[in-house]
Structures are given as structure tokens and as C-alpha cells.
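Chemist: Quick one: the structure is below, and I'll ask about it shortly.
Computed from the coordinates by the stated procedures, all read-outs in this text should not be read as laboratory data. Being a predicted model, the structure only gives us computed values, none of them experimental. Every residue, glycine as well, gets a Cβ built from its backbone with ideal geometry; the counts of neighbours run over all protein chains shown.
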Amino acid sequence: MSAYPPGAAFIDGKFGKIEDAKISVLDWGFLRSDATYDVVHVWKGRFFRLDSHLDRFLASAEKLRMKLPYSRAEIASILAELVERTGFEDAYVEMIVTRGVSPTFSRDPRDAVNRFIAFAIPFGWILKPEEREKGLAIAVSEIPRIPPESVDPTVKNYHWLDLVMGMFDAYEQGARTCILTDGQGNITEGPGFNIFVVKDEQAATPKRGVLHGITRHAAILLLEELRVPVETRPVSLAELKDADEVFATSTAGGIMPVTKIGAHTVGDGKMGVMTRGLVDAYWAAHTRGDGWSVAVADIPRVALAAS
Ligand SMILES: *Cc1c(COP(=O)(O)O)cnc(C)c1O
């Protein structure tokens, strides 16, 4: 197997091959996980909820006091060009801004020159479509999620050691992935996905201590269209175990049924009725306009002015 998937990258102002996209080991993005990123997907030639992803990325950079070297229109143009360079109909498109390196190697983060990187690679699944009926087996990790008072989880970030160690624990228990609690009996999220519980035809998803996932938001909008009441509020571990249906949401796979939680089987162990309706609505939304999706070819191309 090749060391790199096929793909295209944009780094230090230039487009190129993904295998040539490299950063200095002195970049604080690498040394300190001092970075923020976003991932949008392209399905059948259309970006899904691109505006929401750009809004979140720009807000995250601002919260981390980073300066993006490109405007919103320039970033959209770069992402579209990356997808066109790969020729992929379905793609996973990541944008990153790292703290960068200080030209004088000072320890003051204000001196660093922030670095923008983007790339497009083949679409990646947490749960493949052919595995959807069976659903995900998850384990609830003993490790609590980093508290939101310490690292703002609404900034998409690379502080993943709590999640990664939770994944190793999950594998040892025969599960596919993990979810973490807040350490006080409420669930938060898993490695790259949000969680919903459904009980008596009402849905709920954790309000605090989680990334506000774009797929989570899409699920809320679609559930409302399906006339399913949905709440964002604290969701306890007890509710997770007692739920009729549980599903996970992520750009990397969409709406994914969770059918096992540790040794406990959710419902009858198969994808539930509400989850199925939402999966269908989610994929149908990929051809809708109005902020839902936009053709890659329709993104205005702008000449890059910066750096
Ligand atoms: C990316 C991510 C999610 C899912 O967000 P989407 O915007 O739906 O892809 C959830 N939790 C964490 C920690 C993430 O990094």
C-alpha cells in the first residue's frame, strides 16, 4: 500500500501533490497541537453545507486568535480547486490553520506566522454503508472528555489524546469506537462524532462539552422537518442505556446507528425506524440547494492575493 492516499494539497500558497505537503517540525501546530481545522465533504460533485463549515472554521481561528492569510471567498475557491484537481466525485476536504513558526524562534505565540493548509482526499467512512444495518458497537470510556473550561470543544481541535486512548480501551472490549463522558454522568461525544439518543419518539443530544457538529445541526434540522421533537440538553449515561435508538453524526459517514454500548444491546440490535428515516433524509439533502449543498463547479474562483 502507498504511504499516501491519492489527493491534492494546498500549502504555503501553492497547490501540489499530497505527498509533497509538509510542514516544519518547529510549527506549533505539530509541537503543541496549536491548530484548528475543519472537514467538509463532497458527495456526487457537491459540497455539503459548505457555508456552515466555513463559518465554524473562521470562528474557530478567531477564537484561537489566529489570522487567516486568505479571505472566506479565497478559501472556498482553494477548496473547490483542490477537489477539481483530484477529479473525485466524493471527497473529504480538510482545511487547517496552525499557529506556525515564529521567525525569531521566540516563545511568544503572538510572533508566530499562522499557516494555512488544505487538502482533498477520498471520502472516508467511520461506518461504511454496507455496515449500516449492523450499526456501531461503542464502549463508554473511563476517561472523561477534556473539560470545556480547559479547551473550548466548539473549536475543532487536535486535542485528541483523551479520545485516542478511549479508542484503544474500546478495541480491547471488542467495540469499534468509544464515547466519553463529562466525568459527572453525562455523555459528551466520540472521536469525530456527536451522539443522539431517541426515547418515545423524542430525540436529544448533549448541549455542552461537545463540538457543534455540522452533521449534528443537519440532523436537528431534518428531525424538525420529520416532526420529531429534538432537544439539546445534558444527556445522562442512564438515558443512553435506556434509549430506544442511538445514533452518531459525523461528516465522515453521516448518520450512523449505534446498536451496542459495551455489553448492552440498543433496542433489537438493528438500525431503528427513526434513524433509518433520518439516514434517508440526510442523503436526500445532498442534492438540495439553499445552504444544504452546492456544486463544486459553482464555487466562484478568485485569484489569490495573499502571501
Ligand atoms: C469533527 C468532530 C465531530 C463531528 O462534527 P461534524 O461537523 O459533524 O463532522 C464531533 N466531535 C469532534 C470531537 C469532532 O472533531
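Chemist: Suppose every Lys and Arg Cβ carries +1 and every Asp and Glu Cβ carries -1, with no other charges. What dipole size does segment 129-287 come out with about its Cα centre, to the nearest 20 debye?
Modeler: Dipole about the Cα centre, nearest 20: 160 debye.
Chemist: What list of ³J(HN,Hα) couplings, whole Hz, do you get for segment 136-146 from phi and the Karplus terms 6.51, -1.76, 1.60, once you set θ to phi - 60° and write x for glycine and proline?
Modeler: Result, ordered by residue: 9, 9, 10, 10, 7, 6, 6, 8, x, 5, 3 Hz.
Chemist: List the aspartates and glutamates whose Cα lies under 16 Å from the Cα of Lys128, skipping any in the same chain that are fewer than 8 positions away.
Modeler: Those aspartates and glutamates meeting the cut-off are Asp90, Asp280.
Chemist: Here's another thing I want to ask about it. For every helix of n ≥ 4 consecutive DSSP H residues, a contribution of -39,500 (n - 2.57) applies; sum these over the chain, divide by its total residues, and give [θ] at 222 nm rounded to the nearest 500 deg cm²/dmol.
Modeler: -7500 deg cm²/dmol
Chemist: Label-point separation (nm) for Arg32 and Glu133, each offset 7 Å from Cα along Cα-to-Cβ?
Modeler: Going from the Arg32 label point to the Glu133 one covers 5.1 nm.
Chemist: Can you list which of the trypsin sites (Lys or Arg not before Pro) found in segment 96-170 are DSSP loop residues with at most 10 other C-beta atoms within 10 Å?
Modeler: Hits after loop and neighbour filter: Arg107.
Chemist: Same structure, new question: Label points 7 Å out from Cα along the Cβ direction at His159 and Gln202: separation in nm?
Modeler: 3.3 nm
Chemist: Could you compute the FRET efficiency for Ala305 and Ser236, with r as their C-beta to C-beta distance and R0 at 45 Å, rounded to 0.05?
Modeler: With R0 = 45 Å, the Cβ-Cβ based efficiency is 0.35.
Chemist: Take the alpha-carbon centre of segment 138-165, take the same for segment 36-79, and report the distance between them in whole Å.
Modeler: Comparing the Cα centres of segment 138-165 and segment 36-79, I get a distance of 22 Å.
Chemist: Contour minus end-to-end for Arg110 and Glu89, with contour as 0.36 nm per residue of separation and end-to-end as the Cα-Cα distance?
Modeler: 3.6 nm
Chemist: Mind checking which of Thr215, Thr265, Thr154 has the largest fluctuation in a GNM of the chain, springs on alpha carbons under 10 Å?
Modeler: Fluctuation is largest for Thr265.
Chemist: Let me ask another. Evaluate the charge dipole of the chain about its Cα centre and quote only its size in Debye, nearest 20, assuming +1 on the Cβ of each Lys and Arg and -1 on the Cβ of each Asp and Glu.
Modeler: So the dipole magnitude of the chain works out to roughly 540 debye.
Chemist: Quick one: what does P(r) look like for the chain with 20 Å bins over all Cα pairs, in whole %?
Modeler: Once binned at 20 Å, the Cα pair distances of the chain give 32, 58, 10, 0.
Chemist: Cut-off 20 Å, label point 7 angstrom out along Cα-to-Cβ of Arg227: give me the residues of segment 171-212 whose amide nitrogen falls inside.
Modeler: 198-204
Chemist: Still on this model: Report ³J(HN,Hα) in whole Hz for each residue of segment 271-280, in order, from the Karplus equation J = 6.51 cos²θ - 1.76 cosθ + 1.60 where θ = phi - 60°; Gly and Pro get x.
Modeler: Listing the rounded values in order: 4, x, 5, 5, 4, 4, x, 6, 4, 5 Hz.
Chemist: Taking the 0 to 90 degree range and rounding to the nearest ten, how far is the long axis of helix 161-172 tilted relative to the main principal axis of the chain, both from C-alpha atoms?
Modeler: Tilt of helix 161-172: around 50 degrees.
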